[in-house]
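For reference, the structure discussed in these notes is given below.
A short reminder: the numbers here are calculations on the coordinates, not readings from a lab. Predicted model only: the values in this text are computed from it and were never measured. With ideal geometry, Cβ positions are generated from the backbone for all residues, glycine too; neighbour counts draw on all protein chains shown.
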Amino acid sequence: MPRVLSLLAMIVVQVVVLAMSMVVLVLCFGLGLVFLFPPQAMAIRRLAERTRRIAGIASPYRPAPPPPRPGADGWYRSDRTLYKTPRIPAWNNRWKWLLHDPQTWRDAFWLLLDPPVKVLMAPMLLLVPGRGLRVYRAWAELLLGHTESSRLAGEVRHLTQVRSLVNDSQAAEMRRIERDLHDGTQARLVALGLTLGAVEELVDKDPVAARALVVKAREASAEALVELRRVVRGIHPPVLAERGLADAVRALALDCPLPVEVTVDLAQRPSSPVEAAAYFAVSELLNNAVRHADATSVRVDVSHRGPDLRITVTDDGHGGADPDNGSGLYGIERRLAAFDGVVALNSPPGGPTTVTLEFPKVLSDHWASALPRMPRWKAIVVATCWLTAWLPTFPQGIVAGVLKALAVPEKSWFLALHLPEPWQWPMIVFMILLGASMYVLASLLSAQAVRA
């Protein structure tokens, strides 16, 4: 009910802002007072954003332009003009951003239509708030929600960010592998080469010393092989490729110096890239528990919820983990970003620390699962609209309007023709709009069910 009252109370503010917008529109494009457009557009946006928060609709606006940066000469460029300060270029960028964003004009159209829609829906909103808010959300999403172009633009921005994170992650992995080879395997191979060089010089002069150096060289080669295998496991562990994520996590648990309890509930293997990201994330979390948390035990749970893969790692350490303190969580986030994954951290002081990794829609049963059914209340609303929308649209609206225009004396069962003369045409228009709104509502709810 508070949300309903808030929506209805906004009608007064919307009417005032609408009147101001009409005046500003005339002043801007009639008298050239373009400096009034940005604040008025932002006022409409604030109203629209408040409505989106109440109705639970995601914001569809294009991202704001970045602050202007000076050139090499210290001047700020806007189109073909140079400025000493960033104030005018920033204002120009903001003007173009508001003017060229299609959502700005969709917001203005929403502001024009929303007050009468709320007045018509007021009885439903007050008597059945839950259902009324859902119906209002369907209407508001028509103008305040994402369009296909804005959704595609958002996906492009998201993919650009993900690509940047993946490139950074790959670069970090390459640096780690290079560091491991340089500090480990390469150093051992160099020492092995020096030892063999010494053996070559001593083989004739001092066979006993040469034999001792050969033993050391053999030990060094074995250590280099172990080091090389460790690097290979850091790139892609053989157990992960051969036996899958479940056994690879169990192998990590066996190698961990802490007692690790592993629970796995997976009906199938994820794809190789997902398995690799999950494996290295679990490995990093186990290392954190050993090195930083002073934990005595760790619990790893690998499960699925429909098409989503979920991994939860819990340790009984002292807690207080902070991603900004170099705990490796940022690297895990970069790994999961390629799959739209989410990392959730709960680490109160004193522990325990729980990290949940979620990979959405990475299991194949997502495609085999049944499509979600339309909720019962939506099915009833859709069926009612489709079955009854013809009544206000045609007989009570269009037919009554034709009879009224032709001055036919027959009133029959046409509601509008039984009203006083001044109310007949408004009632005919209302009936036509009511029927059209019922058709639009049924189409929107059906489309939402298909997209779900």
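Ranking W97, W377 by Cβ neighbours within 10 Å, fewest first, what do you get?
The fewest-first ordering by Cβ neighbours comes to W377, W97.
To the nearest 0.05, how large is the calculated FRET efficiency for A212 and R305 if R₀ is 60 Å and r is the Cβ-Cβ distance?
0.45
Give me the distance in nm between label points sitting 7 Å out from Cα along the Cα-to-Cβ direction at L387 and D79, one decimal.
Each label point is offset 7 Å from its Cα along the Cβ direction, giving 6.0 nm.
For Y439 and V15, compute 0.36 nm times the residue count separating them, minus their Cα-Cα distance, and round to one decimal in nm.
In short, 149.9 nm is gained.
Run the reach check for K216 against lysines, Cα to Cα strictly under 24 Å, same-chain hits fewer than 8 apart removed. What comes back?
K205
What is the distance, in nm, between label points placed 7 Å from the Cα along the Cα-to-Cβ direction at T296 and at E219?
Result: 3.8 nm between the two label points.
Going toward the positive end of the dipole of the chain, with +1 on Lys and Arg Cβ and -1 on Asp and Glu Cβ, which of M431, L445, V402 do you reach last?
Projecting each Cα onto the dipole axis, the largest value belongs to V402.
When the chain is fully extended, how far beyond the present Cα-Cα distance does L258 get from L33, taking 0.36 nm per residue of separation?
Gain on extension, L258 to L33, equals 73.9 nm.
If Lys and Arg each add +1 and Asp and Glu each add -1, what is the summed charge of the other residues whose beta carbon sits under 12 Å from the beta carbon of R299?
After counting each charged neighbour, the total is -4.
Mind checking which of T51, C28, T312 is farthest towards the positive end of the chain's charge dipole, using Cβ charges of +1 (Lys, Arg) and -1 (Asp, Glu) about the Cα centre?
Working it through, the farthest residue towards the positive pole turns out to be C28.
Can you give the calculated 222 nm mean residue ellipticity of the chain, where each DSSP H run of n ≥ 4 adds -39,500 (n - 2.57) and the sum is split over every residue, rounded to the nearest 500 deg cm²/dmol?
Using -39500 (n - 2.57) per qualifying helix, the result is -22000 deg cm²/dmol.
By a straight-distance test (C-alpha under 21 Å), which lysines pair with K84 as possible cross-link partners, with residues fewer than eight away in the same chain excluded?
Reachable lysines: K96.
Please give, to one decimal in nm, the separation of the simple spin-label points placed at K96 and L181, each 7 Å out from Cα toward the Cβ.
4.5 nm
Using Cα pairs closer than 8 Å and at least 6 residues apart in sequence, work out the relative contact order for the chain, in percent.
Normalised by residue count, the contact order of the chain is 9 percent.
Using just the Cα positions, wrap region 244-368 in a convex hull and report its mean projected area in square nanometres, one decimal place.
Its Cα hull, projected and averaged over all orientations, spans 6.9 nm².
Quick one: dipole size for the chain, taken about the Cα centre, charges +1 on Lys/Arg Cβ and -1 on Asp/Glu Cβ, in debye to the nearest 20.
2000 debye
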